[in-house]
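Chemist: One structure follows; several queries about it will come next.
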Amino acid sequence: RTPANMQASKLTTTLKSAMIGAKSRSRFYHELSFSRHGEPAKVLEYVNLPDVNDEEPPSYLEDAVRVQMWDAPLNPADINTIQGRYPSAFQEKDEDRDRIHKSRFEPGMTVAGSEGWGRVTNVVGESGPVKVGDVVVVGQPGLGTFRSSFWTPASSVLPLEQGHQLKEVLGSQACTIPQLGGTALRMLRDFVSLSPGDVVLQNAGNSGVGFMASQLGNLLLGVNVVSTARRGSRTPHQWDELVRHLMTDGKCALIVAEEDLTDREAIKMFQRELRSLSKSGELPSLALNAVGGESASTLCKCLQIGGTMVTYGGMSMKPVVVSTPQLIFRDLRLKGYWHSRWMVQNSQAARQEQVDELVNAVLHENVVCPPIKEFALSQVTDALTYDFSVDAIRRKVVFRCVE
């Protein structure tokens, strides 16, 4: 490439970055915050402050960046936090960190939200590799992301080298990558040593994490992921549509309705199918549980001797129940995974490496982000009452922080 061509390419990239920044700048400051714990529909408030100037950092932050938020997913953890039922992943109390998720402009209010992405517009002090114009994802939990902008230490965000490309290709969908993809990737890698051709079993295959796990398992690790999902009130046509989506975009090797696994003969037949999908002919050594209750018990019945079930959610609100013989004679191992803890306990370099790998998988390895349903922050009531069951394919609720 000639110097002139290189200069033209650099100018094009700069112009694209400026255009994205202009399109993604909020006209005023606003946030979703709460003054007391309770059900989100009752305590979460939309606060619109058109006269607020958020250009200056808070006095307690010497080295910080200002992030103009683009999009922020609504996760179960966010709901539980507002309800007062979700613990902090940080073991030590930090007064300055705790101030970040407090509203700067509404005394006594706490800003909701723990994930999201945006663009750095201001930097003060030492910001390390983070600079103005960078696209970043929030790299630590509990910072209060449901707002148009916020100041935070540079160490709590992760710059995306391919961020502007990601914005152009995926738009708001990209904000789901770190949490959903990170949770899936860690569970696939950190508990059992998997080999290409192995089978991994999971419930809630149509959830955001389940959708990412089946793809990452297939495309990055070469394993066959088998998913169960609730048929629920879906019509036969809707169920077929969901199965096609999970098999095609989700890269699942097999989808089975949980309602079809309620008796011993059905489970034996399912075990035979699992063996037939495994290169070694063995039952799965790893199962991922997001549901609990009877669904988790079914997963345990389909694991090989010495197999591991990792629980990362409890959608059914029912406990994980495992029979004594399964623990004694089949030596099953039960583990838990909390992605917020992983994000807190691991280094900046490890978190950066993971998010870079996930972005690369989406842009270059054909990994697809889960479908989303977008709402403006001002549409918080609609977002909280959105019923996923009306759609054949479950959609992740995402707040658009720019208005």
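Chemist: Choose one of Asn122, Ser214, His37: the residue whose Cα lies farthest towards the positive end of the charge dipole of the chain (beta-carbon charges +1 Lys, Arg; -1 Asp, Glu; about the Cα centre).
Modeler: Of Asn122, Ser214, His37, it is Ser214.
Chemist: Shape of region 312-399 from its Cα gyration tensor (a ≥ b ≥ c, root eigenvalues): rounded if a/c is under 1.5, otherwise prolate when a/b > b/c, or oblate?
Modeler: In terms of gyration-tensor shape, oblate.
Chemist: What residue among Thr385, Thr183, Thr308 shows peak mean-square fluctuation when the chain is described by a Gaussian network model with Cα springs under 10 Å?
Modeler: Thr385
Chemist: Rounded, prolate or oblate: which fits region 324-366 when a ≥ b ≥ c are the square roots of the eigenvalues of the alpha-carbon gyration tensor, with rounded for a/c under 1.5 and prolate only if a/b beats b/c?
Modeler: Cα axes put region 324-366 in the oblate bin.
Chemist: Another question about this same structure. Taking the alpha carbon gyration tensor of the chain, what are the square roots of 5 times its eigenvalues, largest first, to the nearest whole Å?
Modeler: 38, 24, 20
Chemist: With respect to the cross-link table entries Lys131/Lys167; Lys251/Lys279; Lys167/Lys373; Lys131/Lys396; Lys301/Lys335; Lys279/Lys301, which display a Cα-Cα separation exceeding 25 Å?
Modeler: Over 25 Å apart, Cα to Cα: Lys131/Lys396.
Chemist: Give the ranking of Trp117, Trp338, Trp239 by solvent-accessible surface, highest area first, calculated with a 1.4 Å probe.
Modeler: Greatest to least solvent exposure: Trp338, Trp239, Trp117.
Chemist: Follow-up. To the nearest 20 debye, what is the magnitude of the charge dipole of region 235-307 about its Cα centre, counting +1 on the Cβ of each Lys and Arg and -1 on the Cβ of each Asp and Glu?
Modeler: The dipole of region 235-307 has a size of about 400 debye.
Chemist: Whenever you get a sec, compute what percent of the accessible area on the chain sits on carbon and sulfur atoms (1.4 Å probe).
Modeler: Ligands and nucleic acids excluded, carbon and sulfur give 50 percent.
Chemist: Could you pull the accessible area for Met247 with a 1.4 Å probe, rounded to 10 Å²?
Modeler: 80 Å²
Chemist: Once Lys and Arg get +1 and Asp and Glu get -1 on their Cβ, which of Val367, Trp342, Val320 lies farthest toward the positive end of the dipole of region 281-388?
Modeler: My answer, from the dipole projection, is Val320.
Chemist: Of Phe270, Phe211, Phe375, which has the largest mean-square fluctuation in a 10 Å C-alpha GNM of the chain?
Modeler: Phe270
Chemist: Same structure, new question: Is the shape of region 225-278 rounded, prolate or oblate, going by the alpha carbon gyration tensor and its root eigenvalues a ≥ b ≥ c, with a/c under 1.5 for rounded and a/b larger than b/c for prolate?
Modeler: Cα axes put region 225-278 in the oblate bin.
Chemist: Another question, then. What ranking of Lys268, Lys167, Lys42 comes out by heavy-atom accessible area, probe 1.4 Å, highest first?
Modeler: Descending order: Lys42, Lys268, Lys167.
Chemist: Now a separate question. Measure nothing fancy, just the Cα-based angle from helix 348-364's long axis to the longest principal axis of the chain, in degrees from 0 to 90, nearest 10.
Modeler: Rounded to the nearest ten degrees, it is 70.
Chemist: Next question, about the same structure. Specify the inter-centroid distance of region 99-116 and region 207-252, based on alpha-carbon positions, in whole Å.
Modeler: 36 Å
Chemist: Ok, one more. Taking all protein chains together and a probe of 1.4 Å, list His30, His164, His237 from the most accessible to the least accessible.
Modeler: His237, His164, His30
Chemist: Separate question: Given the convex hull over the Cα atoms of region 180-299, what projected area results after averaging over all orientations, in nm²?
Modeler: 7.0 nm²
Chemist: Each residue of region 270-278 in turn: what ³J(HN,Hα) in whole Hz from Karplus with 6.51, -1.76, 1.60 and θ = phi - 60°, glycine and Pro shown as x?
Modeler: Each residue of region 270-278 in turn: 5, 4, 5, 5, 4, 5, 5, 8, 8 Hz.
Chemist: Oh, and also: Mind pulling the per residue volume of the convex hull built on the Cα atoms of region 64-199? Å³ is fine.
Modeler: Each residue corresponds to 156 Å³ of Cα convex hull volume.
Chemist: Another question about this same structure. Any idea of Leu334's accessible area? Nearest 10 Å², probe 1.4 Å.
Modeler: Accessible area, nearest 10 Å²: 80 Å².
Chemist: Would you calculate a helix-derived [θ] at 222 nm for the chain, using -39,500 (n - 2.57) for each DSSP H run of n ≥ 4 and dividing by the full residue count, to the nearest 500?
Modeler: Helix-only estimate at 222 nm: -9500 deg cm²/dmol.
Chemist: Let me ask you something else. Would you mind working out the accessible area per residue for region 95-230, using a 1.4 Å probe, and quoting it in Å²?
Modeler: That works out to 31 Å² per residue.
The values are calculated or read from the model by the stated rules, or taken from the named source; none is laboratory data. Worth saying up front: this structure is predicted, and the values here are computed from it rather than measured. Note that each Cβ is placed from the backbone with ideal geometry, even for glycine, and that neighbours are counted across all protein chains shown. Just the protein is used for accessible areas: all its heavy atoms, side chains included, with ligands, DNA and RNA removed. Shrake-Rupley method; radii C 1.70, N 1.55, O 1.52, S 1.80 Å.
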